[in-house]
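Reading through the structure tokens given below for one structure.
No value in this document is a laboratory result; all are computed from the given coordinates. Since we're looking at a predicted model, the values are computed, not measured. Note that we place each Cβ from the backbone using ideal geometry, even for glycine, and neighbour counts take in every protein chain shown.
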Amino acid sequence: MPPDQIHTPRLVLRPFSIRDADALWDYSGDAEWGRFQGLPDPYTREEADRFLAGLLLRDRQMQPTWAMTMGGAVIGIVSLKFEAEHRIAVLGYGVHKQHWGEGLCVEGARAVIGQAFETCSPLQRIRAHTDARNSGSIRVLQKLKFNHEGTLRSNGFFGGEFVDEAVFGLLRTEWQD
């Protein structure tokens, strides 16, 4: 079972609670933040509340998700979704746009990845995907030592248009090096 809390130098990662609805909406309701997330446009408070409700119902053993907090305030999200009997996981992350460029996604995701590789012995690979135009997300993955494995052309449909999806992967052996 993943830990409820993970501490880094600047962050505390913890499970989301119903009390986080306003903070989640504060960053996810911003159109610029949602631009590469595949969210409906406009993204409504009701949709954000449904997303939070879904997070609260997730099986933490298969889809652990943490609220990224700094100074007690929720500023983002880091998640894993385990597949193939915990041998593969999919990484997700996002941070409030007022914190873009501060290295907080890298810090939070690095802690989650390290914890996953340390405590989940069958885990061999973590993958991530992003809109190929999202240079900020690509930089996060590069700083985390993920390798660009390819680009799936017109693999997503966001904002009324087909978009390319960049696919990245990180193997346990690469993390340990």
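Measure out, as a whole number of angstrom, how far apart the alpha-carbon centroids of the range 1-69 and the range 80-145 sit.
15
Once the piece of chain linking THR8 and GLU32 is laid out straight, how much longer is it, given 0.36 nm per residue of separation minus the C-alpha distance between them? Before the final figure, lay out each step's value.
On the way: separation 24, 0.36 × 24 = 8.64 nm, distance 2.71 nm.
Length gained between THR8 and GLU32: 5.9 nm.
Which residue fluctuates the most in the chain, going by a Gaussian network model with Cα springs under 10 Å, if the choices are THR130, THR44, THR65?
Sorting by GNM fluctuation, first place goes to THR44.
Grab the Cα-Cα distance for THR44 and LYS145, subtract it from 0.36 nm times how many residues apart they are, and report the gain in nm with one decimal.
Net length gain for the segment: 32.9 nm.
Spelling out what I want: for every residue of the range 155-162, take phi, set θ = phi - 60°, compute 6.51 cos²θ - 1.76 cosθ + 1.60 (Karplus), and round to whole Hz; glycine and proline get x.
9, x, 10, 10, x, x, 9, 6
For the range 18-177, calculate the relative contact order in percent as a whole number, restricting contacts to Cα pairs under 8 Å that are 6 or more residues apart.
It comes to 18 percent, rounded to a whole number.
Which value, in debye to the nearest 20, describes the size of the charge dipole of the range 60-177 about its Cα centre when Lys and Arg Cβ atoms bear +1, Asp and Glu Cβ atoms bear -1, and nothing else is charged? Write down the numbers at each step before the final one.
Details: 13 positive and 12 negative charges, 20 e Å.
Charge dipole, the range 60-177, about its Cα centre: 100 debye, nearest 20.
Using the 10 angstrom Cβ neighbour count as an exposure proxy, how do ASP26, ASP131, ASP4 rank, fewest first?
Details: ASP26 17, ASP131 20, ASP4 11.
With the sparsest Cβ surroundings first, the list reads ASP4, ASP26, ASP131.
Rounded to the nearest whole Å³, what is the per residue volume of the convex hull around the Cα atoms of the range 6-127?
105
Could you list VAL74, VAL112 so that the one with the fewest beta carbons within 10 Å of its beta carbon is first and the one with the most is last? Provide the component values of the computation, followed by the final result.
Details: VAL74 21, VAL112 26.
So the ranking, lowest neighbour count to highest, is VAL74, VAL112.
Provide GLU174, GLU118 in ascending order of the number of other Cβ atoms located within 10 Å of each residue's Cβ, fewest first.
GLU118, GLU174
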